[in-house]
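Before any comments, here is the structure.
The values are calculated or read from the model by the stated rules, or taken from the named source; none is laboratory data. A quick note: this is a predicted structure, and the numbers were derived from the prediction, not measured. Every residue, glycine as well, gets a Cβ built from its backbone with ideal geometry; the counts of neighbours run over all protein chains shown.
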């Protein structure tokens, strides 16, 4: 047993990885690639969130003049996308691979295409296209221009040049790449059902790892979660965010905004928020997130301005 | 002479913006060259996702020297004036010439502008073009974006090729220097391509797998997709929008045909087509059936941007994506049918129609009431129960999953679901078509139940928004009220409906009946009954203008009998008769007589009350007049000036006019009553000779006060008789 583990470790070290047969090798190959490109390789943020963009390494680090290059996997929670493990493409929990490059390098598209080649997507065999898709997150007071990247008609990556974050101009602009890991892996491994993905290249399937989670979490998201408790949690997160803001710890406040956002998504999945209330809840989450970003940026501004003479937040 | 080539390379430009960008590039280039005095002939402008290119053939290499002279102030003028003249012309005072102008010594500025190298002018023009280029959305990027003042472009600008007669036009834009090097296809070409000039540009790119001419790419896609479909024994469903879009997404387009699982053909064809087109930009195909009734085939055509090593791999990838999309669509299709439309409709209570206009459910209630009323009144020859039922269900599909996914399928899906549910076909069709007509080319419903629902829906939209004073202004019409108005007009006109807007809105929509006590708020709301017909008549005026009917004739036919005529068909019939009449000699002369009479009456400040004209407040309640013919009769009778009651013997021409009016006025009135406007106009025509003779022979302003009063009254009677037919005071010129 022990020797088997050792062999495995040796075989899956860089250079012998096989992203075309193994989900985790694909992730590790991306890590290698972006690490070599000079990125800080981070681990996922330890909170439930709807998209990798919520990670502070993206949102908060997109603010300010300092260069910042990072890559990480972020598990994403989309309660309403749960399908009890019965849909081959839809999951309430899945992985995004995020790369943030600030300022956006001149060769960012080439870097991205090289990363696709590294995980086994040959652009002379597969039709890769950059199709207009602008991005906007009213919640974060953010927007950017970019594309969804198509591989044979399938969207595999969201590619965005952030123009504003938290209501502030991004100076400089950061390039953000968000790879949909499961769909890319399904593509590369040639599987039609996400649960059939080979997770480790040794026969452990994605379904073995996650199918039961999807079933139970779908049931909880849609049917079980105590809505009174959720409403209560929402109010508490909102209050705690205000508390943190009042005490000048905007990062802590931002975490509470993320929390409130996820609780809101759960309430949506439970179907207890009416159309009218929906807008109001979204407005509340937006206020929290924006206030946190604003306070963070304003608090950091003197440091940034000192380091970059001539730079100003507004 | 030399040819000029400009290529602005960037990361992928959105397909939908490329046509606009080509026009913008041409416009700015012409602007800059005009300002520099360079004559520009024909221009060629091309676009691909990664570049905009402009070729100007036969530019001069130098501009001509210009000699200009300007006349200034006379010698001895104040220094201020002379200095100002010098500043304006950019010359030193010492350089001014003095010439004799009609015996006065006068300063002249002589300016010699030497010819300039066009290359220099272009070098200055290119950065100006880039800086001033207007994109629907633009962005900053890269190191320079540390400042928010950095250059903006649709996506990062990555290269400039600028060649005049084979020589580089040197310029620098935000650190990007012009040159002769470009790149080819993103995947089929490596490294840089060196361009000699405008002549070899397209060919060099072609050999680097880039078709730079967007129209050539469009043709490749159009023909290639057709050929691919035919090769599979199918007929392509042509879609020029898709051709353009795919041409904007590719530099080397390769149409490829693929198949999807036949099981998805259960889903309505519109859904499949929309899924393929909107989400994937694929064409769809039909089985070329012998009966002429083509049916959607389980095939699609995608457009790749590469000559793939194995096209089957690309096709298979696309097939999987489409299958996933269709699987979702079928899921919605089946899920939606598990609930009846009536059940779906209940959810409309949760959808806000407009923040001031409650919910869609409320709208539906109003539409149902009005649709029923239109049928019950016989305005539309449909079954009131079916019209009401269809109206109650017409918006139910808005809460279905399918319409949530594809809003453009509203109506259509409701129609499908109604049919699947086994509802009467009239109801299903009314649900399906009640949004029609949408655009100018869209067909107008003729099925009675559909007409009732469609008309009621549009009238309700107009009335509801007018009630909260959301009027369209200028180019702003956020609720598409003009479109609703055009829809109403087309429904009414093409179905020959005798719809009285005032009654439809007052009785059918507001539900006000004359026996009901009205509150102040009710009376306030009834202003809608006036404002909606005015608005519709305005639109009618625009429509009729195209048919050669002057807008003032429409106005004269609209504002009639001291209130707006809410009968669109009647306004039109009257305006048409008026157009014919005023085009005749009788008409022109009668109009002249009318104007003369009206002027005299106006000058004399003739008491309006004598002619029974009520005060014009703009807030008349048309309901008070509508449908009460007896009121018209009363007005008509009291207006009579009986010839026998005169205290003196009238002159012959006076007598003749009185007699003519005695005949013509009632005849015109009764013809108007029976809506025979041609006959009404003919009655007026009989007044032409008498009114001419009257003005010829009779002095209105007679010293005898009785005669004067009687003749003014006679003119007033004449004027009122004319007004009964149409409001001639509205006629211009």
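Output yes when any residue across region B:31-40 is in contact with a strand residue (DSSP E or B) (Cβ under 7 Å, 6 or more places away or on another chain), over 30 Å from residue B:242 (Cα atoms), more than 14 Å from chain A (Cβ to nearest Cβ) and touching a residue at least 12 places away in the same chain (Cβ under 8 Å), and no when none is.
yes
Quick one: residue B:676 ticks every box in (1) in contact with a strand residue (DSSP E or B) (Cβ under 7 Å, 6 or more places away or on another chain); (2) free of Cβ contacts under 8 Å to residues at least 12 places away in the same chain bar one, so which box is it?
Only one criterion in (1) in contact with a strand residue (DSSP E or B) (Cβ under 7 Å, 6 or more places away or on another chain); (2) free of Cβ contacts under 8 Å to residues at least 12 places away in the same chain is unmet by residue B:676, namely (1).
Pick out the one residue from A:141, A:120, A:85 that is crowded, with 17+ Cβ neighbours inside 10 Å, more than 7 Å from chain B (Cβ to nearest Cβ) and under 20 Å from the mean Cα position of the chain (by Cα).
On inspection, the qualifying residue turns out to be A:141.
Among the residues of region A:52-74, which ones are outside any helix (DSSP H, G or I) and within 14 Å of another protein chain (Cβ to nearest Cβ)?
Selection gives A:63, A:64, A:65, A:66, A:67, A:68, A:69.
Name the residues in region A:170-185 that are facing chain B (nearest Cβ under 10 Å) and either under 18 Å from the mean Cα position of the chain (by Cα) or free of Cβ contacts under 8 Å to residues at least 24 places away in the same chain (or both), would you?
A:174, A:175, A:183
Residue B:30: closer than 19 Å to residue B:171 by Cβ and assigned to a helix (DSSP H, G or I), yes or no?
Spelling it out, residue B:30 is indeed closer than 19 Å to residue B:171 by Cβ and assigned to a helix (DSSP H, G or I).
Which residue out of B:362, B:397, B:385 is part of a helix (DSSP H, G or I), more than 16 Å from residue B:432 (Cα to Cα) and under 31 Å from the mean Cα position of the chain (by Cα)?
Residue meeting the stated conditions: B:362.
Considering every residue within region B:227-242, establish whether at least one is assigned to a helix (DSSP H, G or I), out of contact with any strand residue (DSSP E or B) (no Cβ under 8 Å at 6 or more places or on another chain), closer than 21 Å to residue B:188 by Cβ and in contact (Cβ under 8 Å) with a residue 12 or more places away in the chain.
Checked region B:227-242: no residue is assigned to a helix (DSSP H, G or I), out of contact with any strand residue (DSSP E or B) (no Cβ under 8 Å at 6 or more places or on another chain), closer than 21 Å to residue B:188 by Cβ and in contact (Cβ under 8 Å) with a residue 12 or more places away in the chain.
Among what's in region B:527-574 and is under 14 Å from residue B:727 (Cβ atoms) and outside any helix (DSSP H, G or I), pick the residue that is modelled with the highest pLDDT.
Restricting to residues being under 14 Å from residue B:727 (Cβ atoms) and outside any helix (DSSP H, G or I), the top hit is B:550.
Tell me, please, whether a residue that is touching a residue at least 12 places away in the same chain (Cβ under 8 Å), surrounded by fewer than 21 Cβ atoms within 10 Å (Cβ to Cβ) and within 14 Å of chain B (Cβ to nearest Cβ) can be found in region A:235-243.
no
Only one of A:153, A:190 is facing chain B (nearest Cβ under 8 Å), modelled with pLDDT under 95 and over 30 Å from residue A:305 (Cα atoms); which?
Of A:153, A:190, the one residue that is facing chain B (nearest Cβ under 8 Å), modelled with pLDDT under 95 and over 30 Å from residue A:305 (Cα atoms) is A:153.
Here's a check for you: in region B:437-446, which residue that is in contact with a helix residue (DSSP H, G or I) (Cβ under 6 Å, 6 or more places away or on another chain) and surrounded by fewer than 24 Cβ atoms within 10 Å (Cβ to Cβ) is nearest to residue B:363 (Cα to Cα)?
B:437
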